[in-house]
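Engineer: Next up is a structure, given as structure tokens.
The values are calculated or read from the model by the stated rules, or taken from the named source; none is laboratory data. This one's a predicted model, so the numbers in the text were calculated from it and none came from an experiment. As a convention, Cβ positions derive from the backbone with ideal geometry for all residues, glycine included, and neighbour counts pool all protein chains shown.
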Ligand SMILES: Cc1ncc(COP(=O)(O)O)c(C=O)c1O
């Protein structure tokens, strides 16, 4: 049966995530080393603690763990989240919190509640693909704002908003990932955060602050003060703050939350009623107990050490094998290393060779740019592969890159254009 005639206008506009598609490549190519998905390491999961908690919850025959629950979320978990927010310097009340089925659901709800078809959502260049899909699925128009080393470029933001408003466009919100951004790994400076909040008030924009990685800082010089959320300084309810247990406990729970002004949180709750009635009750109970029993607290130092080591292994291997070709900025936390190939190398064209001939994959930068840029950029996730796999994967990547450069040089010698070496710097 042909279904095209049945699609809604919104369904026509929907496009699958480039990163999700790569999951099918991993399954198809045996022995593939994947730097593509932003999955946590399975070594980070608190297996024994989860087994004990689940056993206890079921042994107690705690009805609420297997029953439908409130759309807002399991109340003791909401209370525990208010405390977690306090450790991030965000003052909140339970009626401002909504538990979501992953932060991805939070983004979807925000899109459905705040954006009409044709409205403009501003995003960083580059930005998280899941936000791109959530906003596009409601037929919003995404407009990118450039970043520098400290975060979003405020002059560009001012000019972009002025230009769009002069055209009569409704510019509703600005989506940001200030802590160890996906994909660039960038940490927005404290000063820039305050300036962004001020600019949002000046332009009357809502800020959507997405913070799944803030606890995963690596360096002695980087800490909770540097990752202080913009929401912590929001006095008029302008910031919708999203965070998740996916990277700190396990993404399989699909438990995350958002905090927003009460009226906004209430509207988002209504939208969630239609989406899934409530987030899985057993998942919420396990996460609640993981907080109460101190499991979440113990994860922080463990995960910081685990991912710092992987970042170090990846950087060392890249320096040795591709140091003269690739350019990147050291990520101070999170899961991602964002690197630039020489301008002449098309990372998308190279992906085919990398996958089939060298059995290594990455995400091509253009998946993250709403303006079509990023073809010579790659996102390399160091979170999931083991240190040995990271070393082997970088060797394979180096072979692919050097072949690509060799092919470019040969083509250059025959007059069809050559590759330049190591001239670009990462954007963002
Ligand atoms: C910036 C960002 N936001 C949201 C998510 C989605 O997280 P969750 O598992 O909570 O849906 C991710 C996951 O990779 C992410 O990187």
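Engineer: Of 386, 381, which residue is under 22 Å from residue 251 (Cα atoms), at pLDDT 95 or above and more than 16 Å from the ligand (Cβ to nearest atom)?
Structural biologist: Result of the check over 386, 381: 386.
Engineer: Just need a number here: residues in region 236-267 that are under 18 Å from residue 201 (Cα atoms) and modelled with pLDDT of 95 or more.
Structural biologist: Summing the residues that are under 18 Å from residue 201 (Cα atoms) and modelled with pLDDT of 95 or more in region 236-267 gives 8.
Engineer: Name the one entry in 122, 157, 173 that is modelled with pLDDT of 95 or more, part of a helix (DSSP H, G or I) and more than 13 Å from the ligand (Cβ to nearest atom).
Structural biologist: On the way: 122 fails: part of a helix (DSSP H, G or I); 173 fails: part of a helix (DSSP H, G or I).
Exactly one residue qualifies, and that residue is 157.
Engineer: Can we say residue 227 is within 13 Å of the ligand (Cβ to nearest atom) and either under 23 Å from residue 130 (Cβ atoms) or assigned to a helix (DSSP H, G or I) (or both)?
Structural biologist: no
Engineer: Kindly evaluate residue 151 against the criterion of being at positive phi, in contact with a helix residue (DSSP H, G or I) (Cβ under 8 Å, 6 or more places away or on another chain) and modelled with pLDDT of 95 or more.
Structural biologist: Yes, satisfied.
Engineer: Filter region 87-107 down to the residues that are in a helix (DSSP H, G or I) and within 13 Å of the ligand (Cβ to nearest atom) and list them by number.
Structural biologist: Correct list: 102, 103, 104, 105, 106, 107.
Engineer: Return the residues of region 181-220 that are under 17 Å from residue 301 (Cα atoms) and either within 16 Å of the ligand (Cβ to nearest atom) or in contact (Cβ under 8 Å) with a residue 24 or more places away in the chain (or both); say none if nothing qualifies.
Structural biologist: 212, 213, 214, 215, 216, 217, 218, 219 - these are the residues of region 181-220 that are under 17 Å from residue 301 (Cα atoms) and either within 16 Å of the ligand (Cβ to nearest atom) or in contact (Cβ under 8 Å) with a residue 24 or more places away in the chain (or both).
Engineer: Still on this structure: Here's a check for you: in region 288-304, which residue that is more than 25 Å from residue 239 (Cβ to Cβ) and within 16 Å of the ligand (Cβ to nearest atom) is surrounded by the most Cβ atoms within 10 Å (Cβ to Cβ)?
Structural biologist: Per the criteria, the residue is 290.
Engineer: Out of 110, 84, 143, 78, I need the residue that is crowded, with 18+ Cβ neighbours inside 10 Å, more than 16 Å from the ligand (Cβ to nearest atom) and in a helix (DSSP H, G or I). Which one?
Structural biologist: After ruling out the rest, the residue left standing is 78.
Engineer: Given the conditions (1) within 16 Å of the ligand (Cβ to nearest atom); (2) more than 21 Å from residue 247 (Cβ to Cβ); (3) assigned to a helix (DSSP H, G or I), which single one is not true for residue 367?
Structural biologist: All conditions are met except number (2).
Engineer: Can you tell me which of 302, 319, 311 is touching a strand residue (DSSP E or B) at 6+ places or on another chain (Cβ under 8 Å) and at pLDDT 95 or above?
Structural biologist: On the way: 302 fails: touching a strand residue (DSSP E or B) at 6+ places or on another chain (Cβ under 8 Å); 319 fails: touching a strand residue (DSSP E or B) at 6+ places or on another chain (Cβ under 8 Å).
Every option except 311 fails the conditions.
Engineer: For the list (1) part of a loop (DSSP other than H, G, I, E, B); (2) surrounded by 20 or more Cβ atoms within 10 Å (Cβ to Cβ); (3) more than 16 Å from the ligand (Cβ to nearest atom), I need the number of the one condition that residue 285 fails.
Structural biologist: (1)
Engineer: Pull up region 246-274, narrow it to residues that are touching a strand residue (DSSP E or B) at 6+ places or on another chain (Cβ under 6 Å) and outside any helix (DSSP H, G or I), then point me to the one that is farthest from the ligand (Cβ to nearest atom).
Structural biologist: Here the answer is 260.
Engineer: Which members of region 139-171 meet the condition of being touching a residue at least 40 places away in the same chain (Cβ under 8 Å), touching a strand residue (DSSP E or B) at 6+ places or on another chain (Cβ under 9 Å) and within 19 Å of residue 104 (Cα to Cα)?
Structural biologist: Scanning region 139-171 gives a single hit, 142.
Engineer: Give the residues of region 335-363 that are more than 14 Å from residue 35 (Cα to Cα) and in contact (Cβ under 8 Å) with a residue 60 or more places away in the chain, sorted by residue number.
Structural biologist: 340, 341, 342, 343, 344, 345, 356
Engineer: Also, I was wondering about something else. Limited to region 301-320, what total is found for residues that are closer than 16 Å to residue 247 by Cβ and without any contact (Cβ under 8 Å) to a residue 12 or more places away in the chain?
Structural biologist: 2
Engineer: Does at least one position in region 55-75 carry a residue that is within 16 Å of the ligand (Cβ to nearest atom), in a helix (DSSP H, G or I) and either exposed (fewer than 13 other Cβ atoms within 10 Å of the Cβ) or at pLDDT 95 or above (or both)?
Structural biologist: No, every residue in region 55-75 fails to be within 16 Å of the ligand (Cβ to nearest atom), in a helix (DSSP H, G or I) and either exposed (fewer than 13 other Cβ atoms within 10 Å of the Cβ) or at pLDDT 95 or above (or both).
Engineer: Residue check, residue 242 against (1) out of contact with any helix residue (DSSP H, G or I) (no Cβ under 9 Å at 6 or more places or on another chain); (2) within 10 Å of the ligand (Cβ to nearest atom), all met but one. Which one?
Structural biologist: The number of the failed condition is (1).
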